[in-house]
Amino acid sequence: MLTGVQVLLLGGDARQLEVIRKLTELDASVTVSGFDGLHSSLDGAVQAEFEEQLFEGIDALLLPAVGTDDQGLIHAVFSDRQMMLTDSHFSKLPKHCTVYTGMAKPYLRQLCEKNGLSLVELFDRDDVAIYNSIPTAEGALMMAIQNTDITIHGSSSMVLGFGRTGFTMSRTLQGLGSKVKVGIRRSEQYARASEMGFEPFYISDLLQHVSNIDLLFNTIPTMIVTAQIIANLPSRAVIIDLASKPGGTDFRFAEKRGIKAMLAPGLPGIVAPKTAGRIMAECLSQLILDDTTKRGNGI
């Protein structure tokens, strides 16, 4: 239980509703800001105006999937009011407070470093990333179905990257009967992909493998689907880039060539916000509990 733990949650989207529900069930004292436009009640949580006094005595500060933008602005779907995090806010937080977010931009990292606060980025964790790869793969499939005139079954697909998202994406495509090529970087990944029945190739040889594919899914957050690669794709091909912004595709050249190319980061929060929220809630509640236990033991 989280009885007595003071949590401040700022902004976000439908995922945060699941986080609030979970934390209040565990008896944490939850204060939220950025939900004044929500047309349903937040049972057990206290809604408050965004002001510096909210940060006093807080044990855990919870921010949205992308904590802030480059200027400190917090994204809040359920409010039209602007919330801008500054050094003045962070100076009010106790030194034991931990800041939690999905991923942090340099602005947020610098605020935490300057004020000596611990920062936890949930999307860096293997457990969260693996669970999130499931709605990511489902959302990517939805986009593929909507933007092609063929079935996934019998299609020729390619997945670039064999990490947490690439692994699930490849396996999901294979399960639907697609012939899957997987672009990898390391020999152990090559062996695993081969063992699983995929057609692996090294990323350095990408140009030689793109001439006859229907679907290309990229998970690598660096420019990899270049103009040269796109020039060798068949005109029917569809590119779905799952990497974080700005992605790894030359979208300008794809448009010029007449090839559909879509950047699709953050799919879990778009296609399955309830599931994505539960994933975050389970992880956050355990992390906060562990942190509280360590503090109680003087660690």
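The values are calculated or read from the model by the stated rules, or taken from the named source; none is laboratory data. From a predicted model like this one, the values you see are computed outputs, not experimental measurements. Backbone-built Cβ (ideal geometry, glycine too); neighbour counts: all protein chains shown. Just so you know, the surface numbers come from the protein's heavy atoms only, side chains and all, with ligands and any DNA or RNA stripped out. Shrake-Rupley method; radii C 1.70, N 1.55, O 1.52, S 1.80 Å.
So what does the Cα-only Debye profile of the range 56-201 read at q = 0.15 Å⁻¹, as log10 I(q)/I(0), no solvent term? Debye curve over Cα of the range 56-201, log10 I(q)/I(0) at q = 0.15 Å⁻¹: -0.83.
In summary, the convex hull built on the alpha carbon positions of the range 186-232 has an orientation-averaged projected area of 3.8 nm².
Using the average count of surrounding beta-carbon atoms within 10 Å as a protection proxy, the listed peptides 218-231, 112-125 rank, highest first, as 218-231, 112-125.
Measuring max minus min along each principal axis, the C-alpha atoms of the chain give extents of 59, 39, 37 Å (largest first). To put it simply, the accessible area of the chain at a 1.4 Å probe is 50 percent carbon and sulfur. If I fit a long axis through the Cα atoms of helix 14-25 and take the longest principal axis of the Cα atoms of the chain, what angle between them do I get, 0 to 90°, rounded to 10? Between helix and principal axis, roughly 40 degrees. The magnitude of the dipole of the range 127-265, with charges of +1 and -1 set on the Cβ of Lys/Arg and Asp/Glu and taken from the Cα centre, is near 200 debye. When only alpha carbons are used to place a centre, the range 220-299 and the range 30-104 end up 24 Å from one another.
Counting Lys and Arg as +1 and Asp and Glu as -1, each charge on the Cβ, what is the dipole of the chain about the Cα centre in debye, to the nearest 20?
920 debye
Of the residues H75, L54, V99, the one whose Cα sits farthest toward the positive end of the charge dipole of the range 15-102, with +1 on the Cβ of Lys and Arg and -1 on the Cβ of Asp and Glu, is V99. Would you list, by chain and number, the lysines whose Cα falls below 18 Å from the Cα of K294, excluding same-chain residues fewer than 8 positions away? Answer for K294, where 18 Å is the Cα cut-off: K95, listed by chain and number. Ordering of 90-102, 10-22 by packing is 10-22, 90-102, highest average first (other Cβ atoms within 10 Å, averaged per residue). Expressed as a whole percent, the proportion of Cα-Cα pairs in the range 127-265 lying more than 19 Å apart is 44%.
Against the chain, whose longest principal axis comes from its Cα atoms, helix 164-175 is set at around 50 degrees. Its residues counted as N, the range 1-142 yields a C-alpha radius of gyration over 2.2 N^0.38 Å of 1.03.
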